[in-house]
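Notes to accompany the following structure.
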Amino acid sequence: QWRHTNKELRGMERNNDVIDNVELDETDAKPSKHSDYQNISGLDQETVGTKYQEIKDKPIAKTSNPDVYQMNSKPRGFAMIINNEKFQPDSGFQPRRGSEVDVRKLENLFQYLGFVVFVEQDLAKAKIMESIDEFKKRFEQRIVDMSIFCIMSHGSGGNLVDIQGENIDVEEEIIKKFSSTQCPALQGKPKLFLLQYCRGDELDFGVEVSSKVKLLGSRARTQVDCPTFSKLPTVTDILIANSTVPGFVSNRNTQHGSWFFQCLVEVFKENAKNVDIRDMFDMIGRILNEKESIDEEKRKQTFEQTNRGFYKKLY
């Protein structure tokens, strides 16, 4: 096992030729001067397959089922990926090494699923807001069936930060912009948000459980027949996936990308054609629960999904 002290790691960061030869599990949080676990190293042996040619020829089935989101447009929808990898020196944040792997894999996945993908890199807050507004305009210019918005960055105090270290309120300044009132072109259509950033400074080292305890992976879901209404709620058809839960860091491998997106790409690649997205999130959660950093503390991670009026199935 690779074991390095904080002093050794800081020295390695100044020597790119050395650090590039070491695989690390890092967090998307600002380095703490008082943490004994800053930049803990560990070899994460898991990789995610990217052989999309195995499934590219399988068409996406169309359906008229009222309990299923209609995916008939070509392209299926628009997807935006914003990745903040390099930060201003005075921000206090280190580069998010390995995030370029997430961008490449997510872009390939979304394209395979039938989306037109727009990628932005290393943005300050004003440019992020501008990019969101431009992204929303695309749905007014062309009718499509779905939206995906993905943003990756560091986090501080529960907020996402830009490349200058300025806080961004994800709820008010990002998600709210896609509500039924602020983005009418997406009314009644699924809106998926994928968020990768630390939501606190706490590290999850897991807990020991009895061998008799089993995690239940199935979820009972009650289906309700809904009549057609002339109005829609202001907030509806929104599904949010946060890479970690409030208060905790989000882990990222310097060679294979973030833990959360490693799991997401693997599950979506194999199951998106015939498994509902919320069931796929259950699969992602189970795989993510099994991951841990290879060091003495064996860090863990849990992701969080939030359903806001997302009551139909999505394939």
Q.
Condition first: in contact with a Gly (Cβ under 8 Å, 6 or more places away or on another chain), modelled with pLDDT of 95 or more, farther than 22 Å from Tyr315 by Cα and among the hydroxyl-bearing types (Ser, Thr, Tyr). Can you find one or more residues in the stretch 94-105 that meet it?
A. yes
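Can you confirm whether Glu130 is modelled with pLDDT of 95 or more and either assigned to a loop (DSSP other than H, G, I, E, B) or surrounded by fewer than 17 Cβ atoms within 10 Å (Cβ to Cβ) (or both)?
Working: modelled with pLDDT of 95 or more: yes; either assigned to a loop (DSSP other than H, G, I, E, B) or surrounded by fewer than 17 Cβ atoms within 10 Å (Cβ to Cβ) (or both): yes.
Yes; evaluated as a whole, the condition is true for this residue.
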Q.
Can you tell me which residue is least open to solvent (accessible area, probe 1.4 Å) among those in the stretch 154-212 that are of a type in the set (Asp, Glu), within 26 Å of Glu100 (Cβ to Cβ) and in contact with a strand residue (DSSP E or B) (Cβ under 8 Å, 6 or more places away or on another chain)?
A. Asp162
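Among the listed residues Thr236, Thr222, which satisfies the condition of being farther than 23 Å from Val161 by Cβ, open to solvent by less than 20 Å² (accessible area, probe 1.4 Å) and modelled with pLDDT under 95? Full working, then the answer.
Working: Thr222 fails: open to solvent by less than 20 Å² (accessible area, probe 1.4 Å).
Within the list Thr236, Thr222, the selection yields Thr236.
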Q.
Among (1) open to solvent by less than 30 Å² (accessible area, probe 1.4 Å); (2) touching a strand residue (DSSP E or B) at 6+ places or on another chain (Cβ under 8 Å); (3) of a type outside the set (S, T, N, Q); (4) not in a strand (DSSP E or B), there is one condition Glu100 misses while meeting the rest; what is its number?
A. (1)
Q | Filter result (in a helix (DSSP H, G or I), touching a strand residue (DSSP E or B) at 6+ places or on another chain (Cβ under 9 Å) and open to solvent by 30 Å² or more (accessible area, probe 1.4 Å)) within the stretch 109-127 | A | Gln111, Lys125, Lys127
Q.
For a quick check of your reading of the model, give me the residue pairs whose first member lies in the stretch 270-291 and is over 18 Å from His256 (Cα atoms) and in contact (Cβ under 8 Å) with a residue 60 or more places away in the chain, whose second is of a type in the set (Val, Ile, Thr) and open to solvent by 40 Å² or more (accessible area, probe 1.4 Å), with beta-carbon atoms closer than 8 Å and at least 6 apart or on different chains.
A. Lys273/Ile60
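The values are calculated or read from the model by the stated rules, or taken from the named source; none is laboratory data. None of these values were measured; they are calculated from a predicted model. Note: ideal-geometry Cβ built from the backbone for every residue, glycine included; neighbour counts use all protein chains shown. Surface areas here come from the heavy atoms of the whole protein model, side chains and all, with no ligands, DNA or RNA. Shrake-Rupley method; radii C 1.70, N 1.55, O 1.52, S 1.80 Å.
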